[in-house]
1. What's the Cα-based Rg to Rh of the stretch 44-137, Rh via Kirkwood?
2. Set the Förster distance to 22 Å, then compute FRET efficiency between T212 and N242 from the Cβ-Cβ distance, nearest 0.05.
3. Quick one: length gained pulling S223 to F202 fully straight, 0.36 nm per residue minus the C-alpha distance?
4. What lysines does K105 reach when the alpha-carbon gap must be under 24 Å and sequence neighbours fewer than 8 apart in one chain are set aside?
5. Using only the C-alpha atoms of the stretch 182-255, find the volume of their convex hull and express it per residue in Å³.
6. Near K147, which aspartates and glutamates are there with a Cα under 20 Å away, not counting those fewer than 8 places off in the same chain?
7. With r defined as the distance between the Cβ atoms of S109 and K145 and R0 fixed at 35 Å, what FRET efficiency is calculated, to the nearest 0.05?
8. Along the Cα→Cβ direction, 7 angstrom out, place labels at I249 and H56. What is the inter-label distance in nm?
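Please treat every number below as a calculation from the coordinates, not as lab data. This structure is a prediction, so every number in the text was calculated from the model and none was measured. Cβ placement follows ideal geometry from the backbone for every residue including glycine, while neighbour counts extend to all protein chains displayed.
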Amino acid sequence: MNKKIILFLYYVIFLYILISFFEWMIHYYAMHYNGGLKNILDYCNINIENSHIDHHKETLLDQTLPDNYIEEGLVFNLLDVENFYLLLFIVAGSYIFWLYFPNFKKSFSLISALLFSFVLLIIYLWVWSSIHSNYHGRYIECNKKLKNNPNIIIYSLFPNFSPNEKSPVYKYLFWYHTLHHLNKGVDKGNYNIIFPLFDHVFGFYKYNVNNTKYFSTNKPITSQEKWLKEHLIFDIRIKNNNKIEYKDINSNYWKPLPKI
């Protein structure tokens, strides 16, 4: 294989690692108010609007959404401040890679490296929104204002893109994300959405639903939680029609997840 192609692949892998790390950090800390941020908000008795938390509350067990769902919770707003930090993070990382990888520096200019990282980031944000909204059966078109928030538009040069639901990669990511929704509280994991890596690194990877710890200290409130307490541990799979089936730990039979 051409040496220049190999160097470029190293650079792509490096960018994957950077974006996966930031994806995890944003989802875990900013979208779910985990860690120090949650402690500060709780201490100050501050309850600020969080469309992503609302998204979790309104998502049904089978991962579909009611008709009055909040679109904002499904997508990235390109104007959000975290995307500005993500851009700085990627640009700084790309510069460091170019600066301290002599062979790559000889083969690619700094401008070309930064331009590629910027284009990749824009594509990533658009694909994130497209795939995530599709997971929940509410594919949101690009370049159109959101119904619940006209100030948010998912910009894309390719507005007709939609995920290939038959792809093994899509099915795996859908399975991966469904486990994120079905595991609750301290049992929640799978914070990566389309670039899985740092769930494994940080020990948050989940391969089944197990809410034993959560319901040992929390009483079920909603009908969803009551069902989950009755099914503390179970496996899930994605069928060819992208319907989700579950199998209890002591059962040999797969059943469709209920629409509650």
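1. 1.15
2. With a Förster radius of 22 Å, E is 0.20.
3. Net length gain for the segment: 4.4 nm.
4. K3, K4
5. So the per-residue hull volume is 115 Å³.
6. The reachable aspartates and glutamates, counting only those whose Cα sits under 20 Å from K147, are E49, D54, E58, D67, E71, E72, D80.
7. 0.40
8. Between I249 and H56, the simple spin-label model gives 2.2 nm.
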